[in-house]
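Here, each number is a calculation from the coordinates, and none is a lab measurement. This structure is a prediction, so every number in the text was calculated from the model and none was measured. Glycine also receives a Cβ, built like all others from the backbone with ideal geometry; neighbour counts cover every protein chain displayed.
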Amino acid sequence: MDKPNADLRVLVVDDSQSIRSFLKAILTELGVGEVLTAENGTAAIAVLDTCDGTIDLLISDLAMPGMDGVELLRMVGQRCPGVAVLTISSLDARLRFSVSQMAQHLGLTVLGLLGKPFGEQDIRNALDRYHEVRRTGAVMPTDPMSDAEIASALHDRRVEVHYQPKVRIDSAHVVGVEALARLRDPRRGLVHPAAFIESTEAGGQIENLTYQVIDIALRDAGTWAREGLRLNVGINISSSAICRLDLPEHVEAVAASHGLSPSQITMEITEAEMGSGSELFDVCARFRIRGFGLAIDDFGTGESSLPRLRSLPFTELKIDRRYVDGAARSREIRAILESSLDLGRRLGMSVVAEGVQQVEDWQLLEQIGCDIAQGYLVSRPMPGDKVAGWALRWKQRGGNA
């Protein structure tokens with residue numbers, strides 16, 4: 001029998017002995033290999049020091065005497081980069097949400113934020129999400145790639161592109177994919193962008209990466225089109241590349257060489273990275289004049305949302321996953337989701353919900369009228385040669401995840 005939790009080491013931190021015992025019993029019943037416990041943050045750090053800091057999941061209360069849960073998260077983030085965390089607390093839901101945002105900024109993998117009381121199914125769901133997060137198909141090393149490793153990968157054209165499908169929520173029809181960069185490293189294998197994007201930008205190599213991704217993604221889209229699968233391809237454009245005045249002409253030429261029309265391509269610009277120079281308005285306007293789609297990506301993560309929505313000709317609004325995942329169970333997340341959806345609708349944009357991982361969130365999105373879903377509930381990112389086969393199987397299953 002498959003025992004996915006057998007190798008897990010979980011640390012439970014709560015000042016209530018009864019809650020610690022309750023959680024330990026649930027985790028043991030679910031087959032977790034090792035469950036450690038601590039009554040507060042100070043004791044938790046002592047446990048981490050004793051076990052060399054190697055834990056897979058931290059389940060922690062927030063309000064505890066001595067070192068509270070917030071300080072504990074910060075210290076755990078320093079000792080265990082990327083570790084998964086599940087917060088539990090009777091504190092106000094908005095405060096819990098604020099703490100989860102802080103944890104994400106620390107590089108922690110936030111599985112959820114539970115209020116008290118909670119039950120066995122809540123913990124089961126969190127473990128399921130843990131395994132979903134870990135099954136990404138790419139290595140996520142804690143240490144970033146060096147400038148030399150990145151330069152070597154770009155020089156040798158070891159850039160690979162994986163694609164995550166986007167489907168209409170009302171019909172489950174596959175309408176497009178988002179192109180996601182990966183680097184192939186001789187020692188590490190296939191490397192997730194978390195380990196190289198920031199270094200690539202800081203080292204001035206992001207334009208090289210962007211142009212290689214454009215070439216690969218449009219080549220793959222041309223192949224799918226010849227096989228009878230016409231998909232819109234979303235391509236992420238860095239803040240420096242989007243200000244290259246020749247970018248629209250370059251993308252148009254590459255698209256034409258593969259038999260694609262501009263309407264099959266959407267340029268995705270992350271909200272937090274948009275500059276304010278005239279070049280941005282120039283390039284975006286000329287993309288739209290040529291018929292390309294223009295998406296504001298990770299909406300809700302930047303500081304200039306409303307001015308940018310008003311001044312740039314966006315056709316698509318992509319709501320960041322932190323305002324989608326768990327919305328069906330959180331009044332606060334749902335409020336932000338619905339407000340973002342309403343704003344996009346009023347501005348005449350197609351609205352995409354990113355990070356859809358749970359059936360209940362899909363059902364909520366369907367209920368409130370969101371257009372498109374993207375996330376693990378539909379599919380994980382996949383290589384280009386797997387897309388056509390996946391799309392056929394999805395259609396045969398009737399669009400069931």
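Computed quantities for the displayed model
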item: Zone residues, region 164-187, relative to ARG345, backbone N less than 15 Å from point 7 Å out along Cα-to-Cβ; result: 169-170
item: Relative packing of 218-227, 384-393, which averages over residues the other C-beta atoms within 10 Å, highest first; result: 218-227, 384-393
item: Neighbour-count ranking [beta-carbon atoms within 10 angstrom, fewest first] of CYS80, CYS51, CYS370; result: CYS51, CYS80, CYS370
item: For THR37, residues with placed amide H under 5 Å, excluding near neighbours; result: VAL12
item: Length released on extending from ALA194 to GLN121, taking residue separation times 0.36 nm less the Cα-Cα span; result: 23.2 nm
item: Shape of region 9-134, Cα gyration tensor, a/c cut at 1.5; result: rounded
item: Most fluctuating residue given options GLY228, GLY375, GLY41, as computed from a GNM of the chain linking Cα atoms under 10 Å; result: GLY228
item: Whichever lysines have a C-alpha closer than 30 Å to that of LYS3, once near sequence neighbours (fewer than 8 apart) are set aside; result: LYS24, LYS116, LYS386
item: Farthest positive-ward along the chain dipole, Cα basis, beta-carbon charges - from GLN121, ILE368, GLY82; result: ILE368
item: Residue with peak Gaussian network fluctuation, the chain [Cα springs, cutoff 10 Å], from THR42, THR109, THR266; result: THR42
item: Rounded, prolate or oblate (a/c below 1.5 giving rounded, otherwise prolate when a/b exceeds b/c) for the chain by Cα gyration tensor; result: prolate
item: HN-Hα J in Hz across region 182-188 - Karplus 6.51, -1.76, 1.60, θ = phi - 60°, x for Gly and Pro; result: 9, 10, 9, 10, x, 8, 8
item: Unit charges on C-beta of K, R, D, E only; dipole of the chain, Debye; result: 1040 debye
item: Region 163-291: mean projected area of Cα convex hull, nm²; result: 9.3 nm²
item: Percent RCO, i.e. relative contact order, over the chain, from Cα pairs under 8 Å lying at least 6 residues apart; result: 11 percent
item: Amide H partners (placed H, <5 Å) of ASN232, local residues excluded; result: GLY176, VAL177
item: Gaussian network model of the chain, Cα within-10 Å springs - most flexible of GLU39, GLU198, GLU29; result: GLU29
item: Length gained when the stretch GLN17-ARG74 is fully extended (0.36 nm per residue, less Cα-Cα span); result: 18.2 nm
item: Inter-probe distance in nm under a simple model that places probes 7 Å from Cα toward Cβ, at THR42 and ALA25; result: 3.0 nm
item: Shape category assigned to region 102-252 from the gyration tensor of Cα positions, a/c cut at 1.5; result: oblate
item: Per-residue HN-Hα couplings for region 239-245 [Karplus 6.51, -1.76, 1.60; θ = phi - 60°; Hz; x = Gly/Pro]; result: 5, 7, 5, 5, 9, 6, 5
item: Burial order of peptide ranges 120-130, 315-325 (average beta-carbon count within 10 Å, highest first); result: 315-325, 120-130
